[in-house]
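Engineer: Below you'll find the structure I mean.
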Amino acid sequence: MRILRDIFRRRLRSSLTIFGIAIGVFALVMLGSVAESMNRMVEGGTEYYAEKVMVSDDSGAGSMSVTPMSLSMIERIEEVEGVSRASASLSVLLDDLGAVQMGMPALIIGSDLRDRGFETFPLTLAEGRDLEPGDRRAAVVGADLVTRLEAEVGGEVELRGETFEVVGILGKTLTTPDSTVYVPLADAQDLFAEQLTAPVREALDIRDVATGLVVFHAEDVDSDELAARIEAEVADVRAVGPGAFEEQIGSMMGIFNSVIFGVGMIALVVGGLSVVNTMTMSVAERTREIGVRKAVGGSDGAIMRRFLGESALISTLGGGAGLALGALAIGALDAPGSAMAGTFLLSARLAAGSLAFAVALGVLAGAWPAWHAARLNPVEALRYE
Amino acid sequence: MNDNIIEITGVTKRYRLGKDNYVNALRGADLTVARGEMVALMGPSGSGKSTLMHIAGCLDRADSGEVRLGGRRVDTLRGRELVSVRGREVGFIFQGFNLIPTMTAVENVALAAEYAGVSKRDAIRRATGLLELVGLGDRMRHTPTELSGGQQQRVAIARALVNGPGIVMGDEPTGDLDTATSEEIVGVMRDINTDQGTTFVLVTHNPEVAEACDRTINMRDGVVVDDGMALFTEYRSA
């Protein structure tokens, strides 16, 4: 209580310092939670890709971002030794590119359902049922898209202008499936066809089209080795195992994380310097008081603890305020249906880490002024005007 | 048992003001104060009386000479022991009262006891008792700005007494007070001196304060020129 009174003896200055720390922590929390969300997505992705090989067309047939491939490829791939199952999928963007998009773009994925029973990634249904063979115009909606699409089981949603019945809603995975709508392959093929120019559409047997194959390995077969074998044995395909995914994404995330935390740290260090300033001023102003405290028997340690306590309290208040502000902002921005849903993830380790860093910074920043205060000669301090 | 609570012999102190600019504040001062005495330390500005008091109270360190409090050498003490002497054996009262502005009267007094290792509850209890003793029983929860100068100095006296020291040192304790209040404060100190046997050493310019004391010690140019003993002895034997 006394320590609070001392801090707020200079109300404006202390408030500004606390505000400065709060902004630093707020920045760290906001930026950090973007990084955490990305990390979580990548972790989920790593898990998702761990036991499978993704096969796509590599014939150089066009510069389209998604190159169609023939379903006949399934048979050819399944002939490769070590493959237990190949399943076709066709991805279509839910929204046209160009819209401001944070994180991963939302996708419509059509599946031939051949992966069911082989998929090891834990995908759970929050409500309703999975797609079944023979379904048409049916959709299973990912967790982050529920509010945006106003999806409810038994209701209808509009996907790229077409109406679908919602048969199921997925549980939250914190990775790609959250922003994905799953539909029968034939429906995805129809949506895909609409995006093609007329000549291409006519040249193509749309029922034979997929954009990729998910390949599951037989027992005791390494996914990366299997990927290499597929590329060697089947012409014109690119096969990617989990190793390639981790390599690409891993180094990218490393840079991304350092940039984001670097910026957050700079914000906090600036806040820390203002703690040094505030405490130095406070010590200078209270030189006489320090002399009095020493004259009535205050030890160097007691004086030092007092000032360290003040700076620790200032930075704890600032850190707490910044964290609370960050949590509120993330709560608002991450609300279901918001364009930024899924962009932020305020993890426990981020929250605890930011707060701990702020407190440590405060103690560190207060150390020099506190030490200086403790070392003052009592007689000189008493004479100080 | 030695009945001199303060024994100072040949103390010197030189302050450095700037490069090659020194002031010899004390040039071999001697001072002896008996237990239970109330003495005034007088002399012109710069005569070294405050410095002598600071050294006697372990607030400052002599360059040479010996300082004994209650028969114990204290000029050689360092660190924790020095802090302990300062806190428990000596109490200080200042001209500008020097109370901590954010604390109430009772907290100001209790602080000194807490520094000496007394639990917060006991410190508050002691402080309450002492504030009643100096006549501030109804002003415990007031902060310094809500108290008059005389009341603030009473709080300071209570603070100086809270650890039951043998000696209380005052540096111009009435310097900021009007004549009537000054008399009151000297009266409070005199009563404590008489009732509890606490030794008082008061640095002062005020002849009326000196008159209220048992003896007046005069300083000039960093030495004690008259320790007032002649008059004191005369007074005692009379």
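The values are calculated or read from the model by the stated rules, or taken from the named source; none is laboratory data. Just so it is clear, the structure is predicted and the values come from calculations on it, not from any experiment. Glycine also receives a Cβ, built like all others from the backbone with ideal geometry; neighbour counts cover every protein chain displayed.
Engineer: Residue pairs, Cβ under 6 Å, 6 or more apart or interchain, first in the stretch B:137-165 and away from every other protein chain (no Cβ under 13 Å) and surrounded by fewer than 24 Cβ atoms within 10 Å (Cβ to Cβ), second in a loop (DSSP other than H, G, I, E, B) and modelled with pLDDT of 90 or more. List them.
Structural biologist: B:Arg141/B:Thr104
Engineer: Which fully enclosed strands (runs of 3 or more DSSP E) of the stretch B:1-69 have 2 or more residues being more than 14 Å from chain A (Cβ to nearest Cβ), touching a strand residue (DSSP E or B) at 6+ places or on another chain (Cβ under 6 Å) and β-branched (Val, Ile, Thr)?
Structural biologist: Working: elements: B:4-18, B:21-34, B:38-42, B:64-69.
Ranges flagged: B:4-18, B:21-34.
Engineer: Let me ask something additional. So is A:Val359 among the β-branched types (Val, Ile, Thr) and closer than 30 Å to B:Gly48 by Cβ or not? Break it down into steps so the answer makes sense when it comes.
Structural biologist: Values: among the β-branched types (Val, Ile, Thr): yes; closer than 30 Å to B:Gly48 by Cβ: no.
No, not satisfied.
Engineer: Quick one: which residue in A:Asp300, A:Asp236 is out of contact with any Leu (no Cβ under 6 Å at 6 or more places or on another chain) and buried (at least 16 other Cβ atoms within 10 Å of the Cβ)?
Structural biologist: Numbers: A:Asp236 fails: buried (at least 16 other Cβ atoms within 10 Å of the Cβ).
Within the list A:Asp300, A:Asp236, the selection yields A:Asp300.
Engineer: Take the residues in the stretch B:80-107 that are over 19 Å from the mean Cα position of the chain (by Cα) and at the interface with chain A (Cβ under 8 Å from one of its Cβ atoms), then tell me which one is surrounded by the most Cβ atoms within 10 Å (Cβ to Cβ).
Structural biologist: Going through the qualifying residues, I end up with B:Glu107.
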